[in-house]
Amino acid sequence: MFLSLLQILDILEHIFDLFIGSTLINYGSKESYIFNIFFTNNLINKLFIYFMLFAIAVLLGFMVLSIAKRYIGKAKNQKTVGKIFGSSIKAILVMCIIPVCSIIIINAVSLVLREAISLTLGNNETNYSVGTLLYLNFTLGLEKDESFSNASFSDDLRKDYLVGNKNYAIDGKNDFYEDRIDYIIAVSVSLITLVIMLICAITFCVKIFELLILYIIAPFFVTSILSDDGDKFYRWCKIFVEKLITGFSLAFLLKIFFVIVPQVFMNDIVFSENATTNLLVRSTFIVGGLYAVYEFSKLIMETLENKDDKRFIKDTLNFGKKTDDLQKRLMLEDNFKKV
């Protein structure tokens, strides 16, 4: 069960690598990053085009209505016909460049994160997983080779695992007494790590689909350029970037944490003369650090994301309600004039 939990953790870590763009995936006959595949998917592009065409129709309707109001003297903003035409053309052009700009922004953020991770790693030729890290933690002092009696994360035996020359699932039983592992602590810590990483993975998936939905409905926010000079579209851009940053920051913080942990343990820190106490302290450090990463990512989300964003998106898309309200207002005005 313990090894199975570690392998599940490795799968989750691989998912995060896909999310932050540090791993390419096969898509048809080519390789690309996961966000590029999502945002260039045929179905997503078709949905965007359908929404864009509908938004352009709405925009043209608003344009005609604005020009008509201008000529009958009911326009509140007193825009000239030239400005109305200019705003409409600007809105259509913005709709056309949104797909390109979205992909550029996402790739730019992903590139920054990859470079930051590379700088954190420095010259360390490590290629280990979360499962490897936990396995080496729980087998410290259980080496079959007596020459490693003073076991540490920096010894040659564990170095083979940290650089990827050995795999704990295959070679571990040959190098360590797995039957002596404290499975109560090992399974407990692995389960807690699994739950935290699973929550983080689900949170990131939610961010991905929120970005996709924002991308598809973007044309509706662009139509606001005609009426408010793009205030709603600016708010859409802000929400899009916020979702992107909060999603990527979660995956980035987790990746950095698992890079830093073994570097700390490699300093041969001895917390206690008792092996069990040492194990508990190291395990607490891992679990506490993971929880801190999750809480800090929540803090970033709460700081950047506005609670009124959902209401703003709903109000922007609620054309039917706005139309009904407009009709009611016009009927009341007509009745008032008759009276």
Would you please give the FRET efficiency between Leu60 and Ala169, computed as 1/(1 + (r/R0)^6) with r the Cβ-Cβ distance and R0 = 51 Å, to the nearest 0.05?
-> 0.25
Distance between modelled label sites at Ile184 and Arg311, nm, 7 Å Cα→Cβ extension | 5.2 nm
Estimated vicinal HN-Hα couplings, Hz - segment 80-94 in sequence order (Karplus 6.51, -1.76, 1.60; Gly, Pro = x) | 6, 4, x, 5, 5, 4, x, 5, 5, 5, 4, 5, 5, 5, 4
For Phe176, enumerate residues with amide H under 5 Å from its amide H, sequence gap 5+ or separate chain, H modeled in the peptide plane.
-> Lys144
Grab the beta carbon distance between Val281 and Leu191, set R0 = 25 Å, and tell me the FRET efficiency rounded to 0.05.
-> 0.85
Once you've got the Cα coordinates, tell me which of Lys144/Lys173; Lys243/Lys298; Lys255/Lys298; Lys46/Lys232; Lys90/Lys232 are over 20 Å apart.
-> Lys46/Lys232
Pick out, from Ile84, Ser283, Leu162, the residue whose Cα sits farthest towards the positive end of the charge dipole of segment 2-305, with +1 on the Cβ of Lys and Arg and -1 on the Cβ of Asp and Glu.
-> Ile84
Please work out how much length the chain gains when fully extended from Leu198 to Lys46, using 0.36 nm per residue of separation minus the C-alpha to C-alpha distance, in nm with one decimal.
-> 51.5 nm
Once you put a point 7 Å from the Cα of Thr80 and another 7 Å from the Cα of Asp160, both along the Cβ direction, what distance in nm separates them?
-> 8.0 nm
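Values quoted throughout were computed directly from the atomic coordinates according to the rules given, and no laboratory measurement underlies them. As the structure is a prediction and not an experimental result, all values here were calculated from the model. Here the Cβ is made from the backbone with ideal geometry for all residues, glycine too, and neighbour counts use every protein chain on show.
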